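Q: One structure follows; several queries about it will come next.
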Amino acid sequence: MSPEATCEILTSTDQGLSRQEAQRRLTQYGFNKLTPAINRGPLKRFFSQFHNVLIYVLLAAAGLTAAIEEWVDSSVIVGVVLVNALIGFIQEGKAEKALDAIRNMLTQQAMVQRDGKNFLMPAEQLVPGDIVTLESGDKIPADLRLLQVKNLRADESMLTGESLPAEKNTAAVAVNAALGDRFCLAYSGTLITYGTAIGMVIATGDKTEIGRISSMLRTVPKLTTPLLKQIAGFSKWLTFAILTVASATFAYGWAIQHSSLTELFMSVVGLAVAAIPEGLPAIMTITLAIGVQRMAKRNAIIRRLPAVETLGSVTVICSDKTGTLTCNEMTAKSVFVNNKLFIVDGVGYDPYGVFQLAGETT
C-alpha cells in the first residue's frame, strides 16, 4: 500500500473533505495525474539514428567519394543513410506516442464528496482522503480503500492479468497481500463492471499502482540486442579489414610499383568504397520496420526497431496466467492410457471431436 494509505487521513465519511483541507492536500500531494515521460526531441531522435559503427563507415565512404568527385556514388550512399534514419525516426516516433497513451488511461471525472455534498469534478483534483462514489461502467479515478460495496466487481486484468472481474468487499487484508488478493482496494484505471461502491482515496498520480508502472517504463535501461551486437562486431571487423587491405595496397603501390600519390589515393578509396555494403543498413531497417508493422497489427508496441529481432528469437515463454492466455479454454490434445497414446481433436468449448489411436478413429 502506498505512503498515502498509511498517513493520518482525517476524513469524515459523511461529509468528506472540506474545500480548504482538499486544497491543502492538493498542494502537498500534487495533481492526480501521471508524470509525463521525458522523451527525446525530434532532432535528438533523428540524429540518434546515425549512432552506429556501420553508418559511420558509410558516411566516411560518402566523404571519400565526394573528395574524388564521384558525386553519383556519394549521393547514393548519403541517400541510403538518410532513408535508414528516416525509417527509424518515424517508427520510434509512433512507438513513443503509443507509450505516452498510458497517461490517458486515467478517467477524466469523478463523483466526489466535499463539505457534505457530491460534486462531479475533474479527477486530477482528487487528493488522499477524498470520498468517491463508483457505479457500474465507471473507470476508477485513483487507488481507493473501499468503505461500502454492493455486488461490486472490477476488471483488473491490466494490473493482475486475471481474465475475470474480481469481486470486491470491505474486509481488511494482510499488509503483504498480493495485488490481486487485495479485495478491499480498487485501483486507478481499472473498470467497474458491476455494482456500486463508496471508497476513500489512498493514492493519487504516480503513487498509484498504474503510476508505478508508468514510472518503471521511464527507467527501463537501454539494452543492446543480439542483432545490434552482431552488426557492431561485423562493422568493426569490416572496418579493420578495409583499413588493412587499403594500407597494404597503398604500401605495395608506393614501395614496389612506384605509383603516383593521386593514383594510389584513387585506388585505395575505390577499394574501400567497393568493400562497404551500402545497402545493408537500409535492408536491415526495412526488414525490421516490416516486422514492427506486423506486430502493431496484433496490438504489440515496439519502441525500438531491433527489439523485433529479439522477440523473434524467443522460443519459450513461461507464464502462470494460463486462463488469460487461453481465454479460459484449456483443451486436452492427447491422453496416455494403458501405455497407449490417444490424440484428441476439438478446440475449446465446441463439443465436437474424436479420439485417434495410431491414426485411426476410436
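Q: Any chance the range 213-233 includes a residue that's surrounded by 18 or more Cβ atoms within 10 Å (Cβ to Cβ), within 29 Å of P122 (Cα to Cα) and basic (K, R)?
A: Among the residues of the range 213-233, not one is surrounded by 18 or more Cβ atoms within 10 Å (Cβ to Cβ), within 29 Å of P122 (Cα to Cα) and basic (K, R), which makes the answer no.
Yes or no, residue by residue, for (1) more than 30 Å from A232 (Cα to Cα); (2) at pLDDT 80 or above; (3) of a type in the set (A, V, I, L, M):
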| site | (1), (2), (3) |
| --- | --- |
| C7 | yes, no, no |
| H51 | no, no, no |
| A61 | no, no, yes |
| L64 | no, no, yes |
| L86 | no, yes, yes |
| K94 | no, no, no |
| A110 | yes, yes, yes |
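Q: Filter the range 9-45 down to residues that are at positive phi and either at pLDDT below 80 or assigned to a loop (DSSP other than H, G, I, E, B) (or both), then give me how many there are.
A: Looking only at that region, the number is 1.
Q: It is to be established whether one or more residues within the range 162-173 are loosely packed, with under 15 Cβ neighbours inside 10 Å and not in a loop (DSSP other than H, G, I, E, B).
A: Looking for residues that are loosely packed, with under 15 Cβ neighbours inside 10 Å and not in a loop (DSSP other than H, G, I, E, B), one finds at least one in the range 162-173, hence yes.
Q: May I ask you to say which residue of A255, A251, A241 is assigned to a helix (DSSP H, G or I) and loosely packed, with under 11 Cβ neighbours inside 10 Å? Before you say what the answer is, go through the steps one by one.
A: Working: A251 fails: loosely packed, with under 11 Cβ neighbours inside 10 Å; A241 fails: loosely packed, with under 11 Cβ neighbours inside 10 Å.
Testing whether each residue is assigned to a helix (DSSP H, G or I) and loosely packed, with under 11 Cβ neighbours inside 10 Å leaves just A255.
Q: Could you count how many residues in the range 42-82 are surrounded by 18 or more Cβ atoms within 10 Å (Cβ to Cβ) and of a type in the set (S, T, Y)?
A: Qualifying residue count, the range 42-82: 2.
Q: Which of (1) more than 24 Å from the chain's Cα centre (by Cα); (2) assigned to a loop (DSSP other than H, G, I, E, B) does G189 not meet, given it meets every other one?
A: Only one criterion is unmet by G189, namely (1).
Q: Would you check if L264 is among the aliphatic types (A, V, I, L, M), surrounded by 13 or more Cβ atoms within 10 Å (Cβ to Cβ) and free of Cβ contacts under 8 Å to residues at least 24 places away in the same chain? Write out each step before concluding.
A: Working: among the aliphatic types (A, V, I, L, M): yes; surrounded by 13 or more Cβ atoms within 10 Å (Cβ to Cβ): yes; free of Cβ contacts under 8 Å to residues at least 24 places away in the same chain: yes.
So L264 fits the description; yes.
Q: Among the residues of the range 236-255, is there at least one that is hydroxyl-bearing (S, T, Y) and within 40 Å of the chain's Cα centre (by Cα)? Walk me through it before giving the result.
A: Taking the range 236-255 as the starting set, the residues that turn out to be hydroxyl-bearing (S, T, Y) are 239, 244, 247, 249, 252.
Those left that are additionally within 40 Å of the chain's Cα centre (by Cα): 239.
Yes, there is a match, as at least one residue in the range 236-255 is hydroxyl-bearing (S, T, Y) and within 40 Å of the chain's Cα centre (by Cα).
Q: Of all residues being surrounded by 21 or more Cβ atoms within 10 Å (Cβ to Cβ) and not in a loop (DSSP other than H, G, I, E, B) in the range 119-145, which is modelled with the lowest pLDDT? Just the residue, please.
A: So the residue we want is A123.
Q: Same structure, new question: Looking at the range 301-309, is at least one residue modelled with pLDDT under 75, surrounded by fewer than 17 Cβ atoms within 10 Å (Cβ to Cβ), touching a helix residue (DSSP H, G or I) at 6+ places or on another chain (Cβ under 8 Å) and part of a loop (DSSP other than H, G, I, E, B)?
A: Checked the range 301-309: at least one residue is modelled with pLDDT under 75, surrounded by fewer than 17 Cβ atoms within 10 Å (Cβ to Cβ), touching a helix residue (DSSP H, G or I) at 6+ places or on another chain (Cβ under 8 Å) and part of a loop (DSSP other than H, G, I, E, B).
Q: Determine, yes or no, whether V57 is closer than 24 Å to P221 by Cβ and modelled with pLDDT under 80.
A: When the stated conditions are applied, V57 does not pass them.
The values are calculated or read from the model by the stated rules, or taken from the named source; none is laboratory data. In this text, all values refer to a predicted model and were calculated from it rather than measured experimentally. Cβ sites come from the backbone with ideal geometry, for glycine too, and all protein chains shown count toward neighbours.
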